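Comments concern the structure below.
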Amino acid sequence: MPLNVVKFDETFETQMYIINGNILYIAFQDYGYLQDVITRASEYHENKHFMGKYFTYNEFKAHYLGFVKTNGLSLNASDNFTFGRDWSGFNLSGRKMEMFWQTFDDIDNGRELSQDEQWLKSTIVKFIDTVVAGGKMRNSNDWYLICTDGNCLPETCDAEIEMEAVGGLLAHELRHAFYYLDQNYNNVVYENWNKLSDTERDCITQAVDNMGGYNINNTDLVIDEAQAYGYINNFS
Ligand SMILES: [Zn+2]
């Protein structure tokens, strides 16, 4: 499957690209900056403990360090907060980013984004302006954000490249984006899932569970992860 990759912008810490016209991909040089930028937006949607609630960065940090210790995860060998390196790839739909801003960027209730979260918001606003100027985007359901620790693209990037040419981490996050943005692909995945026997589904659910940290009671999430890991999708 060919991808159209266009360089969007860069800073000292990041390289930014637009993929297929509606996916903003930000490659971070350093996991420390990545986690400062993305942790609260991501965990507002994904963490069982914080989902749908307002929380501070320090509250999450304290919780996560405890979680890592209690679960004996090998992710984190020290007491340092290395969330960005532990998970290294993050994906959020435009809709999820908007929901995050509604709750966390709310001055009337004494809540504001950190400087790093504010940077992400301005970058996304610029991305939307760029893409809307190209006439491709109508609302928050039409775009997607991917962030990774390190750059998963080959050095020459202003080009059409194949999925096989991008790093596995980015390929995984891109499948999440296609699953969300491309209704045809979404339908194919559901059809594949529905064709499976109960035993096969249990087996896949177990495989997703073994990856760690996913809420496997949420079937939609299991299907989304299963296709992103390549268990039930039709393309590489
Ligand atoms: Zn995933």
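Nothing in this text is a laboratory measurement; each read-out follows from the coordinates by a stated rule. All values reported here derive from a predicted model rather than from experimental measurement. We place every Cβ from the backbone using ideal geometry, glycine too, and count neighbours over all the protein chains shown.
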Along the range 118-125, Karplus-curve 3J(HN,Hα) (6.51, -1.76, 1.60; θ = phi - 60°) to the nearest Hz, with x for Gly and Pro, reads 5, 4, 4, 4, 4, 5, 5, 4
Pairs of Cα atoms under 8 Å, at least six residues apart: use those to get the relative contact order of the chain, whole percent. 24
If you split all Cα-Cα distances of the chain into 5 Å bins from zero, what percentages do you get per bin, shortest first? 1, 6, 13, 17, 19, 18, 13, 8, 3, 1, 0
Mind checking which lysines have their C-alpha under 18 Å from LYS53, skipping anything on the same chain fewer than 8 residues away? LYS61, LYS96
Cα-based Rg / Dmax (Å) for the range 182-236: 10.6, 29
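State to the nearest 20 debye the size of the charge dipole of the chain about its Cα centre, where the only charges are +1 on K and R beta carbons and -1 on D and E beta carbons. Mind showing how you got there, number by number?
Values: 17 positive and 35 negative charges, 75 e Å.
Its charge dipole is roughly 360 debye.
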Which residues qualify? For ALA159, with a placed amide H closer than 5 Å and at least 5 residues away or on another chain, they are VAL5
Testing the spin-label approximation: label points 7 Å from Cα along Cα→Cβ at ASP30 and SER122. State their distance in nm. 1.8
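Looking only at the range 2-167, where both bridge partners belong to it, what percent of the DSSP beta bridges are antiparallel (to the nearest 5)? It would help to have the intermediate numbers written out before the result.
Numbers: 21 of 27 bridges.
Rounded to the nearest five, the antiparallel share is 80 percent.
Using a cut-off of 14 Å between beta-carbons, work out the net charge of the residues near CYS152 (Lys and Arg +1, Asp and Glu -1, CYS152 not included). Let's see the in-between values first.
Working: positive: ARG175; negative: ASP149, GLU155, GLU162, GLU164, GLU173.
With Lys, Arg at +1 and Asp, Glu at -1, the net is -4.
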Give the peptides 5-18, 91-104, 35-48 in descending order of average Cβ contacts within 10 Å, highest first. 35-48, 91-104, 5-18
